[in-house]
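I have placed the structure first, in the form of structure tokens, so that the comments after it can refer back to it.
Rule-based calculations on the coordinates, nothing more; no lab input. Fair warning: this is a prediction, and the values are worked out from it, not measured in the lab. We place every Cβ from the backbone using ideal geometry, glycine too, and count neighbours over all the protein chains shown.
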Amino acid sequence: MQGRRVTRINIFTIFLCVLAFLLTAAVIVISLLQPAAEPLAATSELPVFDTEVPTFPQLPPPTEPDTTGEQKIVPNTTDPEEDTDIPDEPPRIITAHPVRMIIPALELDYEIQMTISDARGNMQIAPYHDVVSWFDLGAIPGNEGNAIFGCHNIWRGIQSQVYHLDLMEIGDEMIIEYDDETSIIFMLESVFVYPLATAPAHLIMAVDTEPRVTLITCKPPFNPAIGTSDNRIVATFREDAVFVYPDPPVEPFPPREK
């Protein structure tokens, strides 16, 4: 019995050896029949990926600074509805007539009457010592133009308060009251004494000028040969007077000493 068992073990061992040989031979044959893999070719190219690369806008090339000195016009991008500029105010136009003149430095407080010029355009003066005449061809005081007033220095032996008009000081006030109960303060800008024969009437009586007030009176003594005084006192007032003593258009007489 033992001999049969040994024989069976040997046959099984031989079978395993034969099977192992056949498997090894099969592997060798398959490896011989398979083609050899091609070697990878050397390359410097990067692998291509199926991914979209983002793009960016190209900036313009730098420009040289402008040295021509030409002014560049920049368009106005301001919204007109947001414009906060305040427009200029229209010029003031006074329609009320002057009715009263007050000059504190002369203690003058007189009624104003409009007078009609004569056929030659000469100014007529009201026949009173305490009334100021307003030239009808002149401006309303405070408006554009020359508002011209006149007053007798002495009338029928009575001295007027304008007697010392030439002694007023630059900056002294004149107050004009109007028939609408308003008033404006004017300030003395200049005062000159002119010889009647050489007084620049075309400048003194000019009506187409900047806003100003001109007050004219005689300067004693009286000359019976011509029926009036030989000289005239001319004072100029402005609402926004510049306190300087300008050169007169014609050399005047010096004012009287106080």
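Numerical summary
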{"read-out": "Value of relative contact order over the stretch 98-238, rounded to a whole percent, pairs C-alpha under 8 Å and six or more apart", "value": "24"}
{"read-out": "Order of 129, 202 under a 10 Å beta carbon neighbour criterion, fewest first", "value": "202, 129"}
{"read-out": "Protection proxy ranking of 227-237, 169-179 - average other beta-carbon atoms within 10 Å, highest first", "value": "227-237, 169-179"}
{"read-out": "Dipole moment magnitude, nearest 20 debye, the stretch 98-238 about Cα centre, only Lys, Arg, Asp, Glu C-beta charged", "value": "620"}
{"read-out": "Cα convex hull of the stretch 98-238 - mean projected area over all directions, nm²", "value": "8.0"}
